[in-house]
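Down below is the structure, laid out as structure tokens.
What follows is calculated from the coordinates using simple rules that are stated; it is not laboratory data. Small disclaimer: the values here were computed from a predicted structure and weren't measured. Here the Cβ is made from the backbone with ideal geometry for all residues, glycine too, and neighbour counts use every protein chain on show.
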């Protein structure tokens, strides 16, 4: 039996968004690292 929140569309979309942010920010290095760190914190 799963948790009720796992059935919500917004919950699934938020998990997908966090995964997408982690994949996308892998390419941000060097001077863009502060932006990457902020984006990761904001997505969580």
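Results, tabulated for the structure shown:
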{"item": "Isotropically averaged projected area of the range 4-43, using the convex hull of Cα atoms (one quarter of hull area), nm²", "result": "2.8"}
{"item": "Burial ordering of 36, 12, fewest other beta-carbon atoms within 10 Å first", "result": "12, 36"}
{"item": "Over the chain: helical MRE at 222 nm, DSSP H runs n ≥ 4 each giving -39500 (n - 2.57), nearest 500", "result": "-19500 deg cm²/dmol"}
{"item": "Neighbour-count ranking [beta-carbon atoms within 10 angstrom, fewest first] of 8, 28", "result": "8, 28"}
